[in-house]
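Below: the structure, in structure tokens.
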Amino acid sequence: MQEKKKIVLVTGASRGIGAAIAGRLAPHYDIWLNYRSDHDSAKAVQAEIESRGGCCRLLPFDVSDEEEVKAALEPLLDDNKVWGLVHNAGITRDTLVATMTREQWDNVLDVHLTAYFLLTRVLARNMLFARAGRIVAISSVSGETGQAGQVNYSAAKAGLIGASKALAREMARRNVLVNVVTPGLIDTEMTDALPKDKLLPTIPLGRFGSSAEVAGVVNFLLGEEAGYITGQVIGVNGGLYM
Ligand code: NAP
């Protein structure tokens, strides 16, 4: 009989880095694929995974909405153990702080940081009970260096690093490993509008990264060979920050 695969929830996986992570993990895990609104893209990711024999459950909900998080996940947890969480969902609302609205601040903090709290709070019980699990937060080089025009985003991404290190300490005794990946400039919709000609000279490797390059590191962090890695921040940034 075929052994049941572990379940990994990937948030914000209807496109971009999240979709690449879901696709990369799919041969090894059953994927719970979260996104908020882009149903067509999410279905395309699901179809691609299933065409390769993988298993992918679509879970559309807003990760920053406490009631939606509970309603989507809690009933499923009665019959399923989630082994891994990759919190990747993200948005930007870039502007200088002098012109930043309260809404732009709140929205960005909510989707990245508050959602991490809401998701880990729901899943932690499962993982602690199972005495096994992996959590990876997709932060950003902006959370390490700070980025002008991104006070909200840099704060949220730096917050993910602090929260992950605290959680890593909290959950280590139960063999739940918690790490952070900090991508630099990656080719996705989020970076479509950036001035590439100005940015490329600032990257030692001289190019934007690919979603697949981020996904490979996440796959490693979820794998057996990463069993002694917790509380770490792994940059995937072409040398942008060393
Ligand atoms: P993207 O192409 O804009 O995709 C964002 C994903 O997040 C979409 O699937 C979107 O789903 C989902 N999402 C947004 N708000 C959500 C919410 N409230 N609830 C659930 N899902 C939500 O972004 P990306 O470039 O792949 O970035 C992925 C992650 O990497 C983000 O955390 C980002 O901050 C981080 N990152 C990206 C870069 C880069 O250069 N691209 C660099 C550093 C870090 P729907 O469209 O269906 O709502």
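The values are calculated or read from the model by the stated rules, or taken from the named source; none is laboratory data. Please read all numbers here as calculations on a predicted model, not as lab measurements. With ideal geometry, Cβ positions are generated from the backbone for all residues, glycine too; neighbour counts draw on all protein chains shown.
Test Thr11 against the stated conditions and say whether it is surrounded by fewer than 17 Cβ atoms within 10 Å (Cβ to Cβ) and either closer than 26 Å to Ser210 by Cα or more than 15 Å from the ligand (Cβ to nearest atom) (or both). It is false that Thr11 is surrounded by fewer than 17 Cβ atoms within 10 Å (Cβ to Cβ) and either closer than 26 Å to Ser210 by Cα or more than 15 Å from the ligand (Cβ to nearest atom) (or both). Just name the residue that is farthest from Gln150 (Cα to Cα) out of those in region 170-218 that are acidic (Asp, Glu) and not in a helix (DSSP H, G or I). The extreme case among them is Asp187.
What number of residues within region 46-76 satisfy the criterion of being in a helix (DSSP H, G or I) and either at pLDDT below 95 or closer than 24 Å to Val180 by Cα (or both)?
Matching residues across region 46-76 total 4.
Within the option set Leu160, Leu167, being outside any strand (DSSP E or B), within 14 Å of the chain's Cα centre (by Cα) and surrounded by 20 or more Cβ atoms within 10 Å (Cβ to Cβ) holds for one residue only, Leu160. Summed over region 167-209, residues that are touching a residue at least 60 places away in the same chain (Cβ under 8 Å) and either more than 15 Å from the ligand (Cβ to nearest atom) or more than 22 Å from Ala155 (Cβ to Cβ) (or both) total 3. Number of residues in region 176-211 that are under 20 Å from the mean Cα position of the chain (by Cα) and surrounded by 15 or more Cβ atoms within 10 Å (Cβ to Cβ): the value is 19. Candidates are the residues of region 219-233 that are free of Cβ contacts under 8 Å to residues at least 12 places away in the same chain and in a helix (DSSP H, G or I); the one that is nearest to Thr182 (Cα to Cα) is Phe220.
With respect to being closer than 15 Å to Val141 by Cβ, basic (Lys, Arg) and at pLDDT 95 or above, Lys165 falls outside the description. A single entry from Asp79, Asp40, Asp106 fulfils the requirement of being more than 16 Å from the ligand (Cβ to nearest atom) and either part of a strand (DSSP E or B) or free of Cβ contacts under 8 Å to residues at least 12 places away in the same chain (or both): Asp79.
Return the residue satisfying two criteria in turn: it lies in region 132-154 and is assigned to a helix (DSSP H, G or I) and buried (at least 18 other Cβ atoms within 10 Å of the Cβ), and of such residues it is farthest from the chain's Cα centre (by Cα).
Selected residue: Val151.
With respect to being more than 10 Å from the ligand (Cβ to nearest atom), over 13 Å from the mean Cα position of the chain (by Cα), at pLDDT below 95 and part of a helix (DSSP H, G or I), Arg121 falls outside the description.
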